[in-house]
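A short worksheet on the structure shown next.
The values are calculated or read from the model by the stated rules, or taken from the named source; none is laboratory data. Just so it is clear, the structure is predicted and the values come from calculations on it, not from any experiment. Note that each Cβ is placed from the backbone with ideal geometry, even for glycine, and that neighbours are counted across all protein chains shown.
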Amino acid sequence: MKRVCILGSTGSIGVNSLKVIKQFEGEMEVVALSCYQNITKLAEQVEKYRPQQVAIVDSSKISAFKARCRVPVEVLSGVDGLVEIVKNPDINTIITAVVGAAGLLPTIRGIQESKNIAIANKETLVIAGELVMQEARRHGVSLLPVDSEHSAIHQCLHHRQPDEIQKLILTASGGPFRTLPATDFEKITVEDALNHPTWNMGAKITIDSATLMNKGLEVIEAHWLFGVDVDRVEVLVHPQSIIHSMVEFVDGSIMAQLGSPDMKLPIQYALTYPYHRAPASITTDFVQLGQLTFEAPDMDRFPCLRLAYEAARAGGTFPAVLNAANEIAVNAFLNRQIRFIEIPQLIETTMKAHQNHAHPTLAEILHADQWARDFTQQTI
Ligand code: MG
């Protein structure tokens, strides 16, 4: 029996996870849910899935939630509440689907409690990959990727040895501005950037997909998850999003994982691993698709991808700084305080002002994260 806790159950990954779990009644059960502040959706989920516990990060919403929810459930609050629910002994699997660096502490706690982790919160591995992987090894915990690219690589690698891998090829849709001329980037609006061609996701990751920062974060995530040097993780633009990623082996053989773009598939595989299980969450019609195409990514129009590689090569606290500056910049763009082209400019300014700590402790990572948030906010 998979007894599941979903951190971030009201977001796009959380909602899809609940749909997957519903299809495996009797084998998977929801024990705990959490949200940041969407208590309306959380109350609906509690009434439908009957978890023992919920955590609401924004504690000002607790009384409104209690007034709305018509079934009994234990309510915890704040980030401490997230850290608390992962300790519930009835939980054996955690889906980490919160957005941003907020996923770090509950994920580490979950690992220390020896729960299996289906990791959808890529920022956790970006900012603290070295520590998180060490903890996972120490506690014998599997980190099962939910990100579609990493799920693809995980499926292609299936019991291969690290010395068999030549490189990882992460595919990218290219986002809504793939063909936009550089001179038009100044005029990009929030609405333009939220209009993603192939994937339907939350606002933060949709903006990250438009800047290609999402792919940059995924390069760092892949480096830690699969133990492959950053410079052997390549990005390939593939606008149809049918090939979810590929592995090239040392003999030149390449394996790819394909399917229509739908997050239910990687979520389901993370929950049924190591087996592929019915029912199918997608169908793929190659005749209908006609062709699959590929392009090199353009680091000049999309400097966020270049900055992510630079942060990854520098290591230490640089990825945490990259991520924190990006979270602040994306939020400022969504609030119409800055322009789209200023997102990478702000991140680069913050990175240039940062003094690196190699092999940082958790405290040093959290300090660098907070420093970068304050610095970026002040620059804005
Ligand atoms: Mg992805």
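When residues of the stretch 330-380 are filtered for being closer than 30 Å to ALA182 by Cα and either small (Gly, Ala, Ser) or modelled with pLDDT under 95 (or both), how many remain?
The total comes to 3.
Looking for something out of contact with any strand residue (DSSP E or B) (no Cβ under 8 Å at 6 or more places or on another chain), basic (Lys, Arg), surrounded by 15 or more Cβ atoms within 10 Å (Cβ to Cβ) and modelled with pLDDT of 95 or more - is there at least one such residue anywhere in the stretch 44-65?
Yes, the stretch 44-65 has at least one match.
For the stretch 7-98, which strands (runs of 3 or more DSSP E) that fit wholly inside it have 1 or more residues that are among the acidic types (Asp, Glu)?
The qualifying strands (runs of 3 or more DSSP E) are 28-35, 74-77.
Examine the stretch 85-97 for a residue that is more than 16 Å from the ligand (Cβ to nearest atom), surrounded by 15 or more Cβ atoms within 10 Å (Cβ to Cβ) and closer than 18 Å to HIS223 by Cα, and state whether such a residue exists.
no
When only residues in the stretch 350-369 that are within 12 Å of PRO319 (Cα to Cα) and among the β-branched types (Val, Ile, Thr) count, which is surrounded by the most Cβ atoms within 10 Å (Cβ to Cβ)?
Among them, the one singled out is THR350.
Here is a check on your reading of the model: is GLY78 under 17 Å from the mean Cα position of the chain (by Cα) and at pLDDT below 95?
For GLY78, the condition - under 17 Å from the mean Cα position of the chain (by Cα) and at pLDDT below 95 - is not met.
Contact list please: Cβ distance under 6 Å, first residue in the stretch 205-218 and on the phi > 0 side of the Ramachandran plot, second residue away from the ligand (no atom under 12 Å from the Cβ), pairs at least six apart or on different chains.
LEU212/PHE302; LEU212/CYS304; LEU212/LEU305
Would you check if LEU157 is more than 12 Å from the ligand (Cβ to nearest atom), surrounded by 23 or more Cβ atoms within 10 Å (Cβ to Cβ), in contact (Cβ under 8 Å) with a residue 12 or more places away in the chain and closer than 25 Å to HIS276 by Cα? Break it down into steps so the answer makes sense when it comes.
Working: more than 12 Å from the ligand (Cβ to nearest atom): yes; surrounded by 23 or more Cβ atoms within 10 Å (Cβ to Cβ): no; in contact (Cβ under 8 Å) with a residue 12 or more places away in the chain: yes; closer than 25 Å to HIS276 by Cα: yes.
No.
Could you please give the count of residues in the stretch 179-215 that are part of a loop (DSSP other than H, G, I, E, B), more than 20 Å from GLN337 (Cα to Cα) and within 16 Å of the ligand (Cβ to nearest atom)?
Total meeting the criteria: 7.
Scanning the stretch 129-151 for residues that are assigned to a helix (DSSP H, G or I) and touching a Phe, Trp or Tyr at 6+ places or on another chain (Cβ under 9 Å), which turns out farthest from the ligand (Cβ to nearest atom)?
For the stretch 129-151, the residue satisfying everything is GLU130.
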